[in-house]
1. Which residue is farthest from Thr83 (Cα to Cα), if the candidates are limited to the range 103-135 and must be modelled with pLDDT under 85 and open to solvent by less than 60 Å² (accessible area, probe 1.4 Å)?
2. Among the listed residues Ile68, Ile88, identify the single one that is in a helix (DSSP H, G or I) and open to solvent by 30 Å² or more (accessible area, probe 1.4 Å).
3. Sort through Gln66, Gln25 and tell me the only one that's within 18 Å of His115 (Cα to Cα) and either modelled with pLDDT of 70 or more or not charged (D, E, K, R) (or both).
4. So which of Arg54, Arg94, Arg75, Arg16 is basic (Lys, Arg), at pLDDT 85 or above and assigned to a helix (DSSP H, G or I)?
5. Out of curiosity, is Tyr42 out of contact with any strand residue (DSSP E or B) (no Cβ under 9 Å at 6 or more places or on another chain), at pLDDT below 75 and open to solvent by less than 80 Å² (accessible area, probe 1.4 Å)?
Amino acid sequence: METRLLFLLCVLALGRAAVILNDCQIIQTLHGKLLYDNRVTYMINKGITVKELRYLWGIVNENILQTIQRALPLRHPTRPYITELQNIFEALLRDTNEEQQVESNQVLEILERLHQSKDEVKAVTPKALLDNCYKVLYALYEEECALCNPRSDAEDTLCPPETLPELFSHQRTPCKS
């Protein structure tokens, strides 16, 4: 009787492990499809070059940083960090302008809509804006600049690396320690 119960418990444990492995494979596939680079490719890139997308990303985030800076109290400890990011974006946009003058009709139309937008602004935390900035940075520059995207502790706990299938080209580049 005890042997049967032990066998049943082992079968249940193995079945649970198989379900978790299958879930992680499905989640990894979904993760790959939902990565920013795929969303940028399929939802934004309609005749716009990667250089133009990078330029638009820079302009949008430069404006976001200015908005964050205006909203922060004068003595807020984040101000120097935001100022440093602003300086980096200014240098990036200056280099982009010197490298190529971005003047396609589509880019100009997008910039015009951004500057004339009278839509209601949603309340979003600065952290969420910077998280989004980072994700798009990774999507736009990962290959060219050899960026890596480290796994979080939660990812390692829920889906340990050894349970995941081989890395595919659409998945994140592992970081070297």
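The values are calculated or read from the model by the stated rules, or taken from the named source; none is laboratory data. For clarity, every value in this text was computed on a predicted model and none was experimentally measured. Backbone-built Cβ (ideal geometry, glycine too); neighbour counts: all protein chains shown. Quick note on the areas: whole protein, heavy atoms, side chains included, nothing else; ligands and nucleic acids left out. Shrake-Rupley method; radii C 1.70, N 1.55, O 1.52, S 1.80 Å.
1. Here the answer is Ser104.
2. Ile88
3. Going through Gln66, Gln25 in turn, the sole match is Gln66.
4. Arg54
5. It is false that Tyr42 is out of contact with any strand residue (DSSP E or B) (no Cβ under 9 Å at 6 or more places or on another chain), at pLDDT below 75 and open to solvent by less than 80 Å² (accessible area, probe 1.4 Å).
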